[in-house]
Amino acid sequence: MNRPLPKPRFMPTAAAVKTSQSGIFLGEGCYYDPEQLPNGLIIIIGASGSGKTQTLKAIGWELIQTYPSIRLVVVDFHGDQQLPGETRYALDMESPHGINPLVIDFDTKAGGPDLQAIATTATFKKALTMGTNQEGLFLNVLSACYHQRGIIQEDPSTWRREPPNFDDVRAEIEERVEEGCKESMKLERKFAATFRYGIFSKTQPPLTAKITRFDLSALGKVEGLGAIAADAIAKQLLDSHRIMGEIKGRLPRTYLFIDEAKEVKNSRAVKLIFGDGRKYGLACVLASQRTEEFSAEAIANASTKIVLPVDVTDYKKVASKFRFAESKVASLKPLEALVRMGTQAKQVNIVPFWQRVQGL
Ligand SMILES: Nc1ncnc2c1ncn2[C@@H]1O[C@H](COP(=O)(O)OP(=O)(O)OP(=O)(O)O)[C@@H](O)[C@H]1O
Ligand SMILES: [Mg+2]
């Protein structure tokens, strides 16, 4: 006998009726608890002066206070993300520190110099808009650099040797120019600013301090150098977290903070973090002024979305993308936020970072 199926009944889950507040305090009646959410990913949208920096810093600061095991890596494009107790590395012409995009992923199934050369070429291709010939040539140059250091794809025991950096790349290109290669000459010109800044040729600090902040503000927007550095940092974090293996609970090991989502919109590594990072305990917090500046992966996968006041021309788009009433989006004042966390939605007055540390 065919009976109609009973109507589904939605029972609140234990987590949904949980009343005791856990996690970190964002503002009156609003807590962010990564252990109660599908992932630790957060995106923050707001116009200039809406409170993005204050909200990012408040979240970073509270995470550190509440969860002793968590580490922060802050990629700071504006130079205003400083937090107490941080280790700061400025990346500029004078700094002794850099980021090496040629650091190899040691995973024997998905790493090695060949894949690193391909990934690095793809990043530079986008950032410096290289054509197919230059792309092939650059890949070839990178392979030669790894070989010269005795690092061979087929022999993983060689992968832990000191990787080449952009001094090696420059020398290799110059050698080819001297041999009369015209295409190498064009490549050299293309990389002139990159070589001049030298940030990919200097000693790279470890990413293991409690709070590591890379201050990229001096790079400005020079030919996407900041974007390349951010992508390299994201990739190294993802690689090292994969090597550590999957986490048991839901609490992330590390939060990567990036205050300019548009700089990493095309970053493959950041997309992978938004897709896969959760398993390995790598979360990410992205902020930006406009919806277009986030990748589709970021918007689709972040289980926490924070909407601060946006530009009037963006009310409609933000309301529909983030599923809030347009009138609510339009009524926000600086540091007032509409917050969506998993299935919950709230309006909250964010307590800014500067208030949290007053008198400390
Ligand atoms: N130390 C402070 N004391 C008082 N008010 C502050 C302090 N720092 C920031 N504010 C205020 O907090 C609000 C949010 O500033 P915030 O820097 O977070 O904005 P933002 O969204 O990051 O802007 P932008 O896109 O320009 O970086 C602003 O109204 C600002 O004037
Ligand atoms: Mg800001």
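Since every read-out is calculated from the coordinates, none of them should be taken as a lab result. Please read these numbers as outputs of a predicted model, since none were measured by experiment. Don't worry about glycine lacking a Cβ; one is built from the backbone with ideal geometry, like all the others, and counts go over all protein chains shown.
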Just to be sure I follow: if Rg is taken over the C-alpha atoms of the chain and Rh is the Kirkwood radius over the same atoms, what is Rg/Rh? 1.03
Rounded to the nearest 20 Debye, what is the dipole magnitude of the chain about its Cα centre when Lys and Arg each give +1 and Asp and Glu each give -1 at the C-beta? 1820
J(HN,Hα) series, segment 104-109, from Karplus relation 6.51 cos²θ - 1.76 cosθ + 1.60, nearest Hz, glycine and proline x: 8, 7, 7, 5, 5, 8
Considering only DSSP beta bridges with both partners in the chain, what is the antiparallel share in %, to the nearest 5? 30
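Counting Lys +1, Arg +1, Asp -1, Glu -1, what net charge surrounds Gly60 among other residues with beta carbon under 12 Å of its beta carbon?
Numbers: positive: Lys57, Arg71, Lys210, Arg213, Arg356; negative: Glu62, Asp76, Glu86, Asp259.
Within the 12 Å Cβ shell, the charges total +1.
Taking Cα pairs under 8 Å and at least six residues apart, what relative contact order does the chain come out at, in percent?
Values: 637 pairs, mean separation 103.6, N = 360.
Reported as a whole number, the value is 29 percent.
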Amide H contacts of Gly27 (H built 1.01 Å from N, under 5 Å, at least 5 apart or other chain): Val351
Rounded to the nearest 500 deg cm²/dmol, what is the calculated helix-only ellipticity per residue at 222 nm for the chain, with -39500 (n - 2.57) per DSSP H run of length n ≥ 4? -11000 deg cm²/dmol
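For segment 104-240, what class follows from the C-alpha gyration tensor (a ≥ b ≥ c being the square roots of its eigenvalues): rounded when a/c is under 1.5, otherwise prolate if a/b is larger than b/c, else oblate? Mind showing how you got there, number by number?
Working: a/c = 1.79, a/b = 1.13, b/c = 1.59.
It is oblate, given that a/c is not under 1.5 and a/b is not larger than b/c.
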Karplus ³J(HN,Hα) for segment 238-254 (6.51 cos²θ - 1.76 cosθ + 1.60, θ = phi - 60°; Hz, whole; x = Gly/Pro) runs 4, 4, 5, 6, 5, 4, 5, x, 6, 8, 7, x, 10, 6, x, 7, 9
Which one of Phe200, Gln153, Ala110 has its Cα pushed farthest toward the positive end of the charge dipole of the chain, where Lys and Arg give +1 and Asp and Glu give -1 at the Cβ? Ala110
Compute the angle between helix 113-128 and the longest alpha-carbon principal axis of the chain, please, reported from 0 to 90 degrees and rounded to the nearest 10. 80
Please work out whether segment 263-360 counts as rounded, prolate or oblate from its C-alpha gyration tensor, where a ≥ b ≥ c are the square roots of the eigenvalues and a/c under 1.5 means rounded, while otherwise a/b larger than b/c means prolate and anything else oblate? oblate
